[in-house]
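Structure record follows, encoded as structure tokens.
The values are calculated or read from the model by the stated rules, or taken from the named source; none is laboratory data. Worth saying up front: this structure is predicted, and the values here are computed from it rather than measured. Here the Cβ positions follow ideal geometry from the backbone for every residue, glycine too, while neighbour counts run over all protein chains shown. Remember, those area values only see protein heavy atoms, side chains included, never the ligands or the DNA or RNA. Shrake-Rupley method; radii C 1.70, N 1.55, O 1.52, S 1.80 Å.
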Amino acid sequence: MICACENVSKGDIVNAVKDKGASSVDHIKRFTKACTGCGGCTAMVNDIVKYTLESLGHKVKKSLCEHFDY
């Protein structure tokens, strides 16, 4: 269970990326309601989204800050 507040599993998140085209935490919020309760799972959800996108062959930005490429 990744999001206990909304009862969302890792499989639910992965399926949202693979089947519904989710590519961000905002998309996951819309499709699964994860991260909409306490928000404590947001970092983990973001990691799962990035990992899943990468496993599907998408290029994923790995910089620490969105403003710089390092």
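For the range 37-49, give me each residue that is buried (at least 19 other Cβ atoms within 10 Å of the Cβ) and touching a helix residue (DSSP H, G or I) at 6+ places or on another chain (Cβ under 9 Å). Those that are buried (at least 19 other Cβ atoms within 10 Å of the Cβ) and touching a helix residue (DSSP H, G or I) at 6+ places or on another chain (Cβ under 9 Å): V45, I48, V49.
If I filter the range 4-11 for residues that are assigned to a helix (DSSP H, G or I), in contact (Cβ under 8 Å) with a residue 24 or more places away in the chain, touching a Ser or Thr at 6+ places or on another chain (Cβ under 6 Å) and aliphatic (A, V, I, L, M), do I get at least one hit? No - not one qualifying residue is present in the range 4-11. Residue check: A34 meets all listed conditions (1) in contact with an Asp or Glu (Cβ under 7 Å, 6 or more places away or on another chain); (2) open to solvent by 30 Å² or more (accessible area, probe 1.4 Å); (3) not polar (S, T, N, Q) but one, namely (2). On the stretch given as the range 51-61, residues that are open to solvent by 70 Å² or more (accessible area, probe 1.4 Å) and free of Cβ contacts under 8 Å to residues at least 12 places away in the same chain total 5.
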